[in-house]
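Student: Below you'll find the structure I mean.
The values are calculated or read from the model by the stated rules, or taken from the named source; none is laboratory data. Please read these numbers as outputs of a predicted model, since none were measured by experiment. All Cβ positions, glycine included, derive from the backbone under ideal geometry; neighbour counts span all protein chains shown.
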Amino acid sequence: MVTQDTTVPDSVGPEPGGDGAALAIRWVFPSRDGSVTRIIPGTTLFGRDPACVGCLPSASISRKHAEIRWLAGSPPMLCDLGSTNGVFLNGRPVSRAPIKLRDVIRLGDWIGVLTSFADNVPERWSFQELVKGYWAGPMLQAALAPARLAAPSDLSIIIEGKTGTGKEGAARAIHAWSKRQGPFLALNCAALPETLAESELFGYQKGAFTDAVRPHPGHLRAAHGGTLFLDEIVDLPATIQAKLLRAIEQQEVVPLGQSHPVRIDVRLVAAAQVSLRQAAAEGRFRSDLLARLEGLTITIPTLRERAEEIPFLFSNLVEQSRGRAAAPRLDPLLVERLCTFEWPFNVRELAQLVRGIMALHPDATVLDERMLAELNRSGNGSATVSAAPLDAEAVEPHAVKLDLEQVLSTLKAHGGNVKRAAQELKVSRSRLYRIIDKTNTLDLAAFRAASASPVAEDKDE
């Protein structure tokens, strides 16, 4: 039986050559150094053979495991070369399929993400803790690079990005890079009632209103000499936007109940989930205030857009939660699932996931994908797999119907040898691996260990 090709939507890749950017697979597991294999025009071979361009030393990798064929005018094609442990694209077993940027590829227990690659990009990861608890890999560091250069100046900075991407962490990093001696203060404008917004920003004198039993400096004065982070600034009431504009232009505030202004020296960093330019065009944000704040605008990429950084962030969060205790080992299928989640709530959601796993399994030595199901993160939860395993009929029309007992008995009879079991069942090896992955109950190693004379998997040598 011939397995049909599995196609992936929007899979057209860039042409070979061009402006210095190329394609590469950034390996995220089991290696933690983020090494890359560049995809060359023509054929790039992957396997454990040292002669392969993508040499992947592992017992789970066949000598010649897979290849990527990239011809001019065509998208790159990922091809299984009859490997023992299969080729998986975004969690799906494939024999031949087109690939696109940010696709997740698993060969044996090696997992990588297809990425663009410029000549000036380091070939190893450089993860940095920019401020306590705020980690940045190369992609986030690149997004923040202009802000790092501008930080020592007094230039106002706008940070745009979806919820949970880490905008406040970026603002804290900017404050640290600025070397300003004053404090870092954060104010969530979306949580400010209009009646309190003015007093919270500009302060008030004792007796300025009924409940003003003591003076309050306001955030602009309290951040004197430092940085004030205005989160969700687009939600600031229009009347307060006008007063904030004047405070910025005059570098002074007039607290409620006081007639004379007070000088301020404060660096403003504003953040929004939407484009402030778009908000201004729609009349939801003052264009003159935008002009004063828009010294520099940076955009924080979503977690899905930097999928290759997810395993490293996950590992760092796990290690932080464990303290000095030994960090648990990660199962390859868990890493694959993490890389294929959509992550609608970004890093905040990843951190919450780690807290949940560690609360349920504080002493685990291995973290695996079954732990995601306990938190409703492997199916219909808020983090959903972007490419769930295909039904048998979707890959192999008119495929033979199998029941679990039949699969179990055949695998047992062949000592866990998937290739020979698939031949007897008259199905493709990729379909049999898919059944094994979907059940979460079949342990090939146990079959092989229990066999009186274990039969090793046939190699493609």
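Student: Within region 253-270, can you find the residues that are surrounded by fewer than 16 Cβ atoms within 10 Å (Cβ to Cβ) and under 27 Å from LEU296 (Cβ atoms)?
Tutor: Hits for region 253-270 are ARG263, ASP265.
Student: Among VAL262, VAL253, which is the only one that is touching a residue at least 12 places away in the same chain (Cβ under 8 Å), in contact with a Phe, Trp or Tyr (Cβ under 8 Å, 6 or more places away or on another chain) and closer than 28 Å to SER153 by Cα?
Tutor: Values: VAL262 fails: in contact with a Phe, Trp or Tyr (Cβ under 8 Å, 6 or more places away or on another chain).
Step by step, each of VAL262, VAL253 is checked, and only VAL253 is touching a residue at least 12 places away in the same chain (Cβ under 8 Å), in contact with a Phe, Trp or Tyr (Cβ under 8 Å, 6 or more places away or on another chain) and closer than 28 Å to SER153 by Cα.
Student: Can you tell me which residues in region 59-106 are of a type in the set (Gly, Ala, Ser) and under 14 Å from ILE25 (Cα atoms)? Before you say what the answer is, go through the steps one by one.
Tutor: Step one: list which residues in region 59-106 are of a type in the set (Gly, Ala, Ser), which gives 59-60, 62, 66, 72-74, 82-83, 86, 91, 95, 97.
Scanning region 59-106 gives a single hit, ALA66.
Student: On to the next question. Let me spell it out: the conditions are (1) in contact with a His (Cβ under 6 Å, 6 or more places away or on another chain); (2) under 28 Å from LEU350 (Cβ atoms); (3) of a type in the set (Ser, Thr, Tyr), and TYR134 meets all of them except one. Which number is the exception?
Tutor: Condition not satisfied by TYR134: (1).
Student: While we're here: Filter region 227-258 down to the residues that are among the acidic types (Asp, Glu) and in a helix (DSSP H, G or I) and list them by number.
Tutor: Result: ASP235, GLU249.
Listed here are the residues, each with its yes/no results for (1) at pLDDT 95 or above; (2) farther than 27 Å from THR44 by Cβ; (3) buried (at least 22 other Cβ atoms within 10 Å of the Cβ).
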position	(1), (2), (3)
VAL87	yes, no, yes
ILE111	yes, no, yes
ASN120	no, no, no
GLU129	no, yes, no
GLY137	no, no, no
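Student: Looking at (1) assigned to a helix (DSSP H, G or I); (2) more than 14 Å from ARG267 (Cα to Cα), find the lone condition where ARG214 falls short.
Tutor: Failing condition for ARG214: (1).
Student: May I ask you to list the residues in region 229-252 that are surrounded by fewer than 15 Cβ atoms within 10 Å (Cβ to Cβ) and within 23 Å of GLN273 (Cβ to Cβ)?
Tutor: ALA238, THR239, ALA242
Student: Please tell me if LEU78 is of a type in the set (A, V, I, L, M, F, W, C), modelled with pLDDT of 95 or more and either under 24 Å from VAL335 (Cα atoms) or out of contact with any Asp or Glu (no Cβ under 7 Å at 6 or more places or on another chain) (or both).
Tutor: On the way: of a type in the set (A, V, I, L, M, F, W, C): yes; modelled with pLDDT of 95 or more: yes; either under 24 Å from VAL335 (Cα atoms) or out of contact with any Asp or Glu (no Cβ under 7 Å at 6 or more places or on another chain) (or both): yes.
When the stated conditions are applied, LEU78 passes them.
Student: Then there's this: Restricting attention to region 143-159, does a residue exist that is part of a strand (DSSP E or B) and closer than 21 Å to GLU308 by Cβ?
Tutor: No, region 143-159 has no match at all.
For every residue, the table says whether it meets (1) assigned to a loop (DSSP other than H, G, I, E, B); (2) in contact with an Asp or Glu (Cβ under 7 Å, 6 or more places away or on another chain); (3) at positive phi.
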| position | (1), (2), (3) |
| --- | --- |
| ALA279 | no, no, no |
| ARG284 | yes, no, no |
| ASP288 | no, no, no |
| SER315 | no, no, no |
| GLN320 | no, no, no |
| ARG324 | yes, no, no |
| LEU333 | no, yes, no |
